[in-house]
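A short worksheet on the structure shown next.
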Amino acid sequence: MNICVFYYDGFCEFEVVFAVNGFRDNIFSAALENRVYVSEEKQKYLPDKTIHELNPEDIDLFIIPGGNPEQLYEKTELKEFISRLNEKNKFIAGICGGAELMAYYGLLDYKKANGDSQGFRVDENNKHVYEKVVIVDEDVVIDGNCITSIGQAFIEFAIELQKVMNIYKNDEEVKDAYNWLKNIKDK
């Protein structure tokens, strides 16, 4: 299995850190350019590859972290790459602003989805982006190959991604992983 996490300036690292940790033997990073990216938390990240070096056939799950993705809206090379992933029915997951980017690119048209920090906020300036999206009030939403999440559900997002990628053998392992991440002690 090959899991790719996408870097961009200002991406929200904490929203994907638990997902990345669960895939540690099968994850790599990519970005538009081979340079250092600074996260929202002011951490510095150097991607393993650029989008141009990737073959969509070789990716099972593409993760788009939250942050402010507006700088990516007009990046045709990224939109075309993600569209190719979508055409090949590869899993594409966005949390918070990552889900917003998916909506902007049209990936969520006629699909159930949610995103932003606490849910998509539709107003006069962005209603054209969400007019075909079926916005639901759920923390993590899986519709076909698209997985979206509100930013505050980063633990649930990680668990759902790992379930989709068959990391767990059974429901007990899922429960144990969730309880460990939430610091819930079984009594």
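A few points about this structure:
- Taken over the range 65-110, the criterion of being in contact with a Phe, Trp or Tyr (Cβ under 8 Å, 6 or more places away or on another chain) and surrounded by fewer than 19 Cβ atoms within 10 Å (Cβ to Cβ) is satisfied by GLN71, TYR73, LYS79, SER83.
- Within the range 167-187, the set of residues being touching a residue at least 24 places away in the same chain (Cβ under 8 Å) and either surrounded by fewer than 13 Cβ atoms within 10 Å (Cβ to Cβ) or more than 17 Å from VAL20 (Cβ to Cβ) (or both) comprises just one member, LYS182.
- Meets criteria (aromatic (Phe, Trp, Tyr) and touching a residue at least 60 places away in the same chain (Cβ under 8 Å)) for PHE91: yes
- For the range 21-33, the tally of residues that are modelled with pLDDT of 95 or more, surrounded by 13 or more Cβ atoms within 10 Å (Cβ to Cβ) and assigned to a loop (DSSP other than H, G, I, E, B) stands at 1.
- Listed conditions (1) more than 16 Å from the chain's Cα centre (by Cα); (2) farther than 18 Å from GLY151 by Cα are all met by GLU41, apart from (2).
- Residues satisfying the stated conditions in the range 111-140, i.e. of a type in the set (Val, Ile, Thr) and under 12 Å from CYS96 (Cα atoms): VAL140
- Residue within the range 114-127 that is hydrophobic (A, V, I, L, M, F, W, C) and loosely packed, with under 15 Cβ neighbours inside 10 Å present: no
The values are calculated or read from the model by the stated rules, or taken from the named source; none is laboratory data. What you are looking at is a predicted structure, and each value in this text was computed from that prediction instead of being measured. As a convention, Cβ positions derive from the backbone with ideal geometry for all residues, glycine included, and neighbour counts pool all protein chains shown.
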